[in-house]
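Inspection log for the structure reproduced underneath, given as structure tokens.
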Amino acid sequence: MSEPESHPNAAVIGRTIPYERFLDCVHCGLCTSACPTYVETGDENDSPRGRIYLMRSVVDGQIDLTDKVKGHLDLCLDCRSCESACPSGVQYGRLIEPFRVEMHELSTAAPTPVETTLPASSGPDWFHRWIMYGLFPNRERMARALIPARWMQRLKLDRLAQAAGLTRLLPERLRRMQEQLPPLGKRLPQLPSFLPAKGERRARIGLFLGCVADAMFRQVHWATARVLQENGCDVVIPGDQGCCGAIHYHSGASDPAVELIRQNYEAFSDDSLDAIIVNVAGCGAMLKDYTHILKEVATDSDLDPAKFVSRVKDVSEFLAELGPRAPEGPINATVAYQDACHLQHAQQIREQPRHLLLMIPGITLQPIAEAELCCGAAGSYNLTQPDMADSLGQRKVSELMKVRPDLIVTGNAGCSLQLQAQLTKAGHSVPVLHPMELLDLSYRNAPLNELT
Ligand code: SF4
Ligand code: SF4
């Protein structure tokens, strides 16, 4: 990493961001139409170009980090659509993410003159401390917290509470969490530490489970493991792995993120693993970024995750490279595939999931308009920025429904939660599934109603 050039406000904010990264932006504006927040508000400050300008102006000491400035930066989804659109190769994620880390550090630091530039309301609130950092990243706590929700759904008390208006008594972000809950079904057993390949062994892989995904979508992990077994992979599931760290890092809390990087690095240290497989786009993008993150926010770290990172693959990417066995069970359905931002923009994976789906006999894929725009999930964004998340969610649902799909398919747990909630809100009942669930079903020649 090259050293940041000095600039007037370097002691305040921007010290971990090489200054030339801001200069990569030539203000051409070609990214604006790809930016979901700009498309919604039409405000230049909510565009990539505008945000880069705002960050640079703060770094240069030309403007203070006021609530208004912070509001424009917080409204960014970190979806990285602007990176796909930018002809100048601006690394937008590598500007906004360290900038947010520094905003977080400044807001939680002991009182110094620096804090005079910050809004009085800064610092993690109860929701970040107890829910986002305390609950979400911990698989076991999440699973325990979902037990009452599971029972409420089973007894249909959740609908009763909603109809009686009782959920309106909850704080807004808890109410939204409740609204986002998918049908939880019966809790599946934990995956074992090892599942053997079927037939001739072609690879030995480690399966990453994550946190929220394992608590809410364990069926997707089971389906992924079966698909990998079917394709000749020994599947190793290290029990001591943790959350990928994205919840912390993307909200600016770098220290706990670095601890999680170490935990996962150690959990997947088995040299015999050919790949570390991820089925959640957001987690995959984070794992692939470990080397870079450590260079930026933990310069004294003794870890070198380069080998770890080189083995991280989204499951669709891995199967495309391995050469998937053709599935034979028919699924007669029109499918609308929704590209998760952290697959299409952060990992540049677009074709592989589509090819896998098209291998299934009977599936018709329908392209949708505005596929490059975020659905408004963006990790915990739909909890922290509800208005924009709803606008983008309804916009996405409207495009998806135009192709009259029998099924909506996406490779990211956050998108699934957001789409299911927004479909329900709009009065639609189309199932939202993961590509691995359909592939698994076809390999097993099982009926579609097993999933719907
Ligand atoms: S981020 Fe890229 S596309 Fe957007 S204004 Fe800057 S140079 Fe142009
Ligand atoms: S990351 Fe997404 S929301 Fe943020 S500026 Fe880029 S396109 Fe816009």
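Computed on protein heavy atoms with a 1.4 Å probe, the accessible areas place ARG404, ARG202 in the order ARG404, ARG202, largest first. Entry note, the chain: the mean residue ellipticity at 222 nm calculated from DSSP H runs of n ≥ 4, each adding -39500 (n - 2.57), is -12500 deg cm²/dmol after division by the residues and rounding to the nearest 500.
The charge dipole of segment 126-180, taken about its Cα centre with unit charges on the Cβ atoms of Lys, Arg (+1), Asp and Glu (-1) only, comes to about 80 debye. Applying a 4.7 Å cutoff between beta carbons, the unpaired cysteines of the chain are CYS25, CYS28, CYS35, CYS76, CYS86, CYS233, CYS375, CYS415. The share of Cα pairs per 5 Å bin across segment 20-117, counted from zero up to the longest distance, runs 2, 13, 25, 25, 17, 9, 5, 2, 0 percent. Quick one: go through segment 160-187 and flag any residue whose amide nitrogen is under 17 Å from the point 7 Å out along the Cα-to-Cβ line of ALA145. The answer is 170-184, whose backbone nitrogens lie closer than 17 Å to the label point.
As a rough guide to protection, the peptides 335-348, 284-297, 139-152 ranked by mean Cβ packing within 10 Å, highest first, stand as 335-348, 284-297, 139-152.
For segment 126-180, what does the alpha-carbon gyration tensor say about shape, rounded, prolate or oblate, given a ≥ b ≥ c as the root eigenvalues, a/c under 1.5 as rounded, and a/b over b/c as prolate? Oblate, because a/c is 1.5 or more while a/b does not exceed b/c. Per residue, the chain exposes an accessible area of 42 Å² to a 1.4 Å probe, with every protein chain left in place.
In terms of accessible area, using a 1.4 Å probe and ignoring ligands and nucleic acids, SER269, SER251, SER57 rank largest first as SER269, SER251, SER57. Were the residues from LEU169 through GLN348 laid out at 0.36 nm apart, the gain over their Cα-Cα distance would be 60.2 nm. On the beta carbon distance between GLU20 and ALA371, with R0 = 35 Å, the FRET formula returns roughly 0.65. Across the protein chains, with a 1.4 Å probe defining accessible surface, the residues THR37, THR66 rank THR66, THR37 from largest area downward. Expressed to the nearest 5 percent, the antiparallel share of DSSP beta bridges inside the chain is 10 percent. Dividing the convex hull volume of the alpha-carbon atoms in segment 333-450 by its residue count gives 96 Å³ per residue. The accessible surface of the chain, taken with every protein chain in place and a 1.4 Å probe, is 52 percent carbon and sulfur.
With the alpha-carbon atoms of the chain aligned to their principal axes, the span from lowest to highest coordinate is 64, 55, 42 Å, starting with the largest. Which of the pairs LYS70/LYS396; LYS198/LYS288; LYS70/LYS425; LYS288/LYS313 have their Cα atoms more than 19 Å apart in this structure? Cα-Cα > 19 Å for LYS70/LYS396; LYS198/LYS288; LYS70/LYS425; rest within.
Here GLN91 and LEU188 are evaluated by their C-beta separation; at R0 = 22 Å the FRET efficiency comes out at 0.05.
Taking 0.36 nm per residue of separation and subtracting the Cα-Cα distance, full extension of the segment from ARG404 to ALA426 would add 6.5 nm. GLN162 label point, 7 Å along Cα→Cβ, cut-off 12 Å on backbone N: hits in segment 429-450? Those under the cut-off are 429. Compared with the alpha-carbon gap, the fully stretched path from THR364 to SER57 is longer by 105.6 nm at 0.36 nm per residue.
The values are calculated or read from the model by the stated rules, or taken from the named source; none is laboratory data. Keep in mind that this is a model prediction, so the values were computed, not measured. Note that we place each Cβ from the backbone using ideal geometry, even for glycine, and neighbour counts take in every protein chain shown. With ligands, DNA and RNA removed, areas are computed over all heavy atoms of the protein, side chains included. Shrake-Rupley method; radii C 1.70, N 1.55, O 1.52, S 1.80 Å.
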